[in-house]
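Comments concern the structure below.
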Amino acid sequence: MVRARGLVVLTMATLVAFACGSSSGPAGSKGTFKIGSDLPVCTVGGQAVQNGIQFAINQKNAAGGVNGYSIAFQGFDDCRQGSYNADAGVENVQKMLGDSKFLGMIGPYNSAVAKAEIPIAAPQHFVMISPSNTNTCLTKEQLPPLPACTYHPADLRNGNPNNYWRVVTTDDYQGPSMADYYHKTLSITNVAVLDDSTVFGVGIAGAFMAEFKKLGGTVAKYSEYKKDQQGSDFKSILLSFKNAGAKAVYVGGTDDQNICIPRAQMKQLGWDVPFGGGDGIETTDCIDQATGNEAGIYATSAGADATQVAGAAQTIADFRKAFPGPNDFGGYTMQAYDATNALMAAIGRAINDANGGTPTREQVRAETAKTKGFVGVIGTYDFDQNGDNNLKIVSIYVTKQVSDPTQSTGVCGSKAAKNVCFVWAAQVDFNKVS
């Protein structure tokens, strides 16, 4: 995330800060350190991720904190005018860097924001763990037949040790997963591709096309647009796709860039073919944008679906009690929960390295880099030196009418289509694919 997930603008952004809990002595007997986040919390998806962070920290403080320290959480919003903004993200990271109590952050949510933030945070050895970034080039070079990276991981870090990790997999897995699903499951051999010109959109569209062609499929037409130039009328692009003989549409992009409006306009044109994309469209706002044509949208997510992981059931149930709102739980809430617990575990080890005192950011970074065998609710994580993890799982969803949205993935429409939700359809574990 990409990427944006659930980009529905809320009435107000939230800024959460708290410090509570106890250790062997009174609450905060050794003091307090801070964990921050940078997310588009003006949106449903960003807020659902922040809820996962807050839930993990609430639990940790209730259990006594980390090695005698209480944890204070402060969430920062990187939204401007209703969508994520890299400049806002950089400003938020600079605020965290200016306060020595911040030992790390969860986020960002979107890959383009990470691209801007890593060069700011890396010289300060400030740990970033993203629950949702999927652009391949943040951590590794793309290999043929995928298009080459337009920027490079080493350049983002500029000679500094790696400070960035993520708990999801990458678009070089996510894009091909939908290509395989289109070609092998839906029997589609001719497709049109549209991307929104963003870091995420271009990357995942390229990965999709490379795999689709490898399978023997044809990309009948490829187009891209920029939101500020395109507006909300995609009919001419869609007609060019239809006239080229495309039997499906794949979109690389995010809902805040209007990438799902074409779905509604396809029905207006009388063109009934599959429509799919990456995790940037597995969102409430995508369903809302597709008004009148909401069912049958296919989307991938760069990780295991928490509702399909038996070991996550109790944590999800406890979370829903603490956060009972209809949109409080989202597709990456449990990834955020795992990322936060992984960071707190690393901070705990760093406190030990500091002989019980407050660790330096470098000590926290060094311990995060050593993360191996960390047991989360989604799975067991090993972090590598580039910033990736060992879990290579992609989930596939399709929108359907459901009788009880609370029993779905939690990603449903918010307007007329409140009972249209993304429903889990399949999972691909690339560690098990020969």
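The values are calculated or read from the model by the stated rules, or taken from the named source; none is laboratory data. Everything quoted here is computed from the prediction, not taken from an experiment. Don't worry about glycine lacking a Cβ; one is built from the backbone with ideal geometry, like all the others, and counts go over all protein chains shown. For the accessible areas, the whole protein counts, side chains as well, though only heavy atoms, and no ligand, DNA or RNA atoms are used. Shrake-Rupley method; radii C 1.70, N 1.55, O 1.52, S 1.80 Å.
Summarising the overall dimensions of segment 72-130 from its C-alpha atoms, the Rg and Dmax are 10.6, 31 angstrom. Close amide-amide hydrogen proximity is noted between TYR222 and VAL193, each under 5 Å apart and 5 or more residues distant or on a separate chain (H modeled in the peptide plane; Pro and chain starts excluded). Between the listed residues GLY331, GLY311, ALA299, the Cα displaced farthest toward the positive end of the dipole of segment 287-342, a dipole computed from Cβ unit charges relative to the Cα centre, is found at GLY311. Where the centre of each part is set by its Cα atoms, how far does segment 190-252 sit from segment 391-410, in angstrom? When both Cα centres are located, 24 Å separates them. The helix-only estimate of mean residue ellipticity at 222 nm for the chain, built from DSSP H runs of length n ≥ 4 each weighted as -39500 (n - 2.57), is -9500 deg cm²/dmol after division by the residue total. Remark: segment 228-290 is approximated by an ellipsoid whose semi-axes, taken from the C-alpha gyration tensor as √(5λ), come to 18, 13, 11 Å, largest first.
With a ≥ b ≥ c the root eigenvalues of the C-alpha gyration tensor of the chain, is it rounded (a/c under 1.5), prolate (a/b larger than b/c) or oblate? Verdict is prolate for the chain. Estimated from the Cβ-Cβ distance and a Förster radius of 51 angstrom, the FRET efficiency linking ASN243 and ALA154 is about 0.70. With a Förster radius of 25 Å applied to the C-beta separation of GLN308 and LYS372, the computed FRET efficiency comes to 0.50. Calculate the length of the line joining the C-alpha centroid of segment 301-328 to that of segment 36-50, in whole Å. Here the two parts' Cα centres lie 16 Å apart.
Solvent exposure of LYS400, expressed as accessible area, is near 100 Å², computed with a probe of 1.4 Å over the protein chains only.
Pairing the Cα long axis of helix 199-214 with the longest principal axis of the chain, what angle in degrees results, from 0 to 90 and rounded to the nearest 10? It works out to around 50 degrees. Distance between the pseudo-spin-label points of LYS213 and PHE430 (7 Å out from Cα toward the beta carbon): 1.9 nm. When TYR225, TYR173 are compared by accessible surface with a 1.4 Å probe, the order from highest to lowest is TYR173, TYR225. Using the average count of surrounding beta-carbon atoms within 10 Å as a protection proxy, the listed peptides 103-110, 290-297, 331-338 rank, highest first, as 103-110, 331-338, 290-297. Using Cβ point charges alone (K and R +1, D and E -1), the dipole size of segment 370-416 about the Cα centre works out to roughly 80 debye. Database remark: amide H of PHE329 closer than 5 angstrom to no amide H (H placed geometrically; neighbours at sequence offset of 5 or more, or on other chains; Pro and chain starts carry no H). Between THR360 and ALA317, what is the spin-label point distance in nm, taking each point 7 Å from the Cα along the Cα→C-beta axis? Spacing of the two 7 Å Cα→Cβ label points: 4.6 nm. A convex hull fitted to the Cα coordinates of segment 204-313 yields 118 cubic angstrom per residue.
Taking amide H positions as modeled 1.01 Å from N, with prolines and chain starts lacking one, the residues under 5 Å from SER197 and 5 or more places away or on another chain are VAL202, TYR225. For the chain, find the longest principal axis of its Cα atoms and tell me its angle to the long axis of helix 313-322, 0 to 90°, nearest 10. Rounded to the nearest ten degrees, it is 80. Taking GLY89, GLY387, GLY356 as the candidate residues, the one with maximal mean-square fluctuation in a Gaussian network model of the chain, Cα springs under 10 Å, is GLY356. Over the chain, with a Gaussian network built from C-alpha contacts below 10 Å, which listed residue (ASP353, ASP256, ASP279) shows the highest mean-square fluctuation? Taking springs between Cα atoms under 10 Å, the residue moving most is ASP353. Ranked from largest to smallest solvent-accessible area, with a 1.4 Å probe on the protein heavy atoms, THR32, THR360, THR150 come out as THR150, THR360, THR32.
Ordering ASN389, ASN163, GLY373 by Cα displacement along the dipole of the chain toward the positive end leaves GLY373 in first place; charges were set at the Cβ atoms of Lys, Arg (+1) and Asp, Glu (-1). Against the main long axis of the alpha-carbon atoms of the chain, helix 86-97 sits at an angle near 10°.
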